Amino acid sequence: MTDLVVPFLDSPFMQRALVAGCLVAIVAAAIGTFVVLRGLSFIGDALAHGVLPGVASAMILGLPSLLGAAAGAAVMVAGVSLVTRRSRLSGDTAIGLLFAGMLALGVVVISRSGSFSGDLTRILFGDVLGVSWGDIRLQGAVATVVVGLTAVCVRPFMLLSVDPDGAEAMGFSASRYHALMLALIAVTVVLSFQSVGTMLVFGMIVAPAASAALVVHRIGSMIALAGVLGCLSVWWGLAASYRYDLAAGASIVLVQVLVFFVILVATMLPRRRVAPR
Amino acid sequence: MGVANQAGQMIMILVMRYPAFRTPARLVAVAVAAALLTVLAACGGDDGGAATGRPTVVVTTSPLGALVRDLVGDTADVEVLIPNDLDPHDFQPSVKDAERLARADLIVSNGAELETGLEGAIAQARRDGVPTFVMAAHVPLRSGPESGHDGEEGHDGEEGHEHGASDPHIWLDPVLMARGMAALAPVIEAKLSVDLRDRPAQQRARLAELNARLQKAAAQIPAARRKLVTGHDSLGYFARRYGFEVVGAVIPSLSSQAEPSAAQVGGVVATIRREKVPAIFSETGTPRAVAEAISSDSGAKVVDLTTHSVADDGSYYTTMENLMTTIADNLRDGG
């Protein structure tokens with residue numbers, strides 16, 4: 001039990017990692033719930049990888065990596081909507097094209113750059129143990145905006161998830177809210193990649209929301225439960241990284257996915273017991 | 001041209017199968033795109049290299065490249081494969097790099113799993129008959145730090161040789177390098193058919209002088225302050241030669257590519273505080289943010305150290321002296 005608390009008491013870097021991780025978990029819960037409900041996982045995952053060339057270029061040019069990530073996400077979204085609108089190809093194909101292209105561009109940029117601090121492993125897996133209070137303040141500000149916007153748009157988002165035609169009929173522009181949702185996913189990815197990297201950030205978005213969706217059905221409770229599960233996973237993941245000497249970012253995401261499967265199994269059990277009756 | 005034929009057939013199949021491609025305008029677009037890509041791929045085909053008529057030695061890393069250049073003088077051309085500012089642990093070769101390896105008269109690599117990304121391309125060149133010289137095979141290697149290293153005593157002693165990986169950072173010890181270069185000189189003369197005359201002896205003398213200067217500089221640092229915290233475990237040979245103790249690393253691994261765990265970072269912070277180490281020496285490939293976090297929690301400052309590349313003048317000797325000066329300056333006045 002002490003292993004869950006002690007590492008955080010006298011290590012400031014653990015406290016910063018916990019706060020930064022929980023901020024990501026809260027934002028991821030708000031956005032992730034809609035990603036899970038609307039089946040937007042593929043575009044979300046693609047966004048997470050699409051930021052790679054942006055981040056790499058920003059590091060080489062000496063610009064803030066957040067800026068590069070934002071540019072990468074914008075190119076990704078613009079590219080996907082261009083392909084889907086200007087060809088008869090499905091959205092899936094468009095996403096796959098952009099996803100692979102952006103990932104490859106990122107690897108090419110990194111392979112020929114001489115950046116002192118920018119390298120592929122860091123971008124892919126993040127530096128949750130290297131978060132500074134300055135990073136956290138910025139993350140906090142962005143998190144507030146994202147959560148606030150989600151709260152304001154919760155009704156149209158909800159309608160969009162369950163009944164897009166109904167949403168249109170009620171006067172909400174489905175395409176506008178779809179674009180807003182994509183933008184919010186992009187912001188969440190950009191916000192989170194510094195802590196857990198572009199490879200793992202999507203686990204943060206999907207896993208707690210999916211876990212919550214197994215248990216509760218109202219959107220508000222899903223977001224709340226996803227947030228709680230996400231924060232607990234950050235806590236347990238960091239503690240496990242400390243106790244068992246594991247890579248920190250990966251531990252967090254691993255715990256989140258484990259939590260999902262534990263809940264999945266747990267929801268299966270009662271049914272078995274009930275069946276023979 | 002088989003490729004061109006295949007491409008032509010592919011286009012024909014596309015045109016016949018998919019109505020969209022039958023419209024002439026689209027067909028033209030496809031053809032233009034194909035032509036553009038071909039031109040792009042063919043661009044930059046001729047690289048400067050060679051043409052001097054001298055044999056070419058391709059060396060993987062810049063520190064080894066500097067030493068080989070120093071050894072061969074104008075008897076051969078020396079090409080360094082991994083750009084000076086890149087992390088050799090992380091380097092992936094391009095097709096052009098593979099071609100340079102295949103055309104070399106001799107390949108000199110560091111080995112001991114330093115250039116993991118290059119191993120395939122070097123093995124291919126070796127199969128094609130290019131002679132190779134692996135430096136790590138000619139010097140005694142030390143094994144890496146104990147895995148599960150948590151900064152709790154147990155340094156020194158070197159008794160734990162059972163641990164697998166060998167430390168590849170041999171170029172950071174001039175005495176080892178004197179040995180390795182002595183083994184390389186006859187190979188160069190045999191494989192390139194050149195006469196190095198008294199160059200090997202001169203280089204041995206220069207390396208011995210360098211070692212003497214470094215010994216002297218290290219002696220200026222009080223013994224109690226000769227404690228190193230590095231980006232990854234890169235200074236093992238250097239520390240052993242000049243009486244330092246490596247007490248911790250941002251990434252306690254022989255490669256810069258490992259991921260730090262919370263336990264490791266916590267261990268390094270604790271070690272720095274306990275041992276009152278004034279500086280964290282950050283290297284190519286060190287996660288800057290983690291180094292800064294350890295710095296802010298432990299009070300030690302982050303100092304950039306050139307360990308995997310060479311100084312601006314391209315000299316191995318300058319590089320090693322700069323390395324010692326940076327370390328000495330930051331350990332002497334800190335603490």
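The values are calculated or read from the model by the stated rules, or taken from the named source; none is laboratory data. As the structure is a computational prediction, the values presented were derived from the model and not from experiment. Positions of Cβ are generated from backbone atoms using ideal geometry, with glycine treated the same way; all protein chains shown enter the neighbour counts.
Things worth noting here:
- Residue ranges of helices (runs of 4 or more DSSP H) in the stretch A:1-92 with at least 1 members surrounded by 18 or more Cβ atoms within 10 Å (Cβ to Cβ), within 20 Å of the chain's Cα centre (by Cα) and modelled with pLDDT under 85: A:41-61, A:65-86
- The residue that is nearest to A:Ile185 (Cα to Cα), counting only those in the stretch A:198-226 that are small (Gly, Ala, Ser) and under 10 Å from the mean Cα position of the chain (by Cα), is A:Gly203.
- The residues of the stretch A:161-178 that are in a helix (DSSP H, G or I) and free of Cβ contacts under 8 Å to residues at least 60 places away in the same chain, listed by number, are A:Pro164, A:Asp165, A:Gly166, A:Ala167, A:Glu168, A:Ala169, A:Ala174, A:Ser175, A:Arg176, A:Tyr177, A:His178.
Residue-wise test of (1) farther than 27 Å from B:Asp85 by Cα; (2) more than 12 Å from every other protein chain (Cβ to nearest Cβ).
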| site | (1), (2) |
| --- | --- |
| B:Ala249 | no, yes |
| B:Pro252 | no, no |
| B:Gly267 | yes, no |
| B:Arg273 | yes, no |
| B:Arg288 | no, no |
| B:Ala291 | no, no |
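- Exactly one residue out of B:Leu192, B:Leu228, B:Leu196 is crowded, with 21+ Cβ neighbours inside 10 Å and either assigned by TED's automatic domain parsing to the domain that holds B:Val72 or under 30 Å from B:Ala289 (Cα atoms) (or both), and it is B:Leu228.
- Taken over the stretch B:74-117, the criterion of being over 18 Å from B:Ile170 (Cβ atoms), assigned to a loop (DSSP other than H, G, I, E, B) and more than 14 Å from chain A (Cβ to nearest Cβ) is satisfied by B:Asp74, B:Thr75, B:Ala76, B:Ala104, B:Asp105.
- Among the residues of this structure, A:Val146 does not count as one that is within 13 Å of A:Val36 (Cβ to Cβ), part of a helix (DSSP H, G or I) and in contact with a Ser or Thr (Cβ under 8 Å, 6 or more places away or on another chain).
- Filter pass, B:Arg100 being among the basic types (Lys, Arg) and either touching a residue at least 24 places away in the same chain (Cβ under 8 Å) or crowded, with 24+ Cβ neighbours inside 10 Å (or both): yes
- The stretch B:214-247, subset among the polar types (S, T, N, Q) and not in a strand (DSSP E or B), residue nearest to the other protein chains (Cβ to nearest Cβ): B:Ser234
- Qualifying residue in the stretch A:193-213 (condition: closer than 18 Å to A:Val147 by Cα and within 14 Å of another protein chain (Cβ to nearest Cβ)): yes
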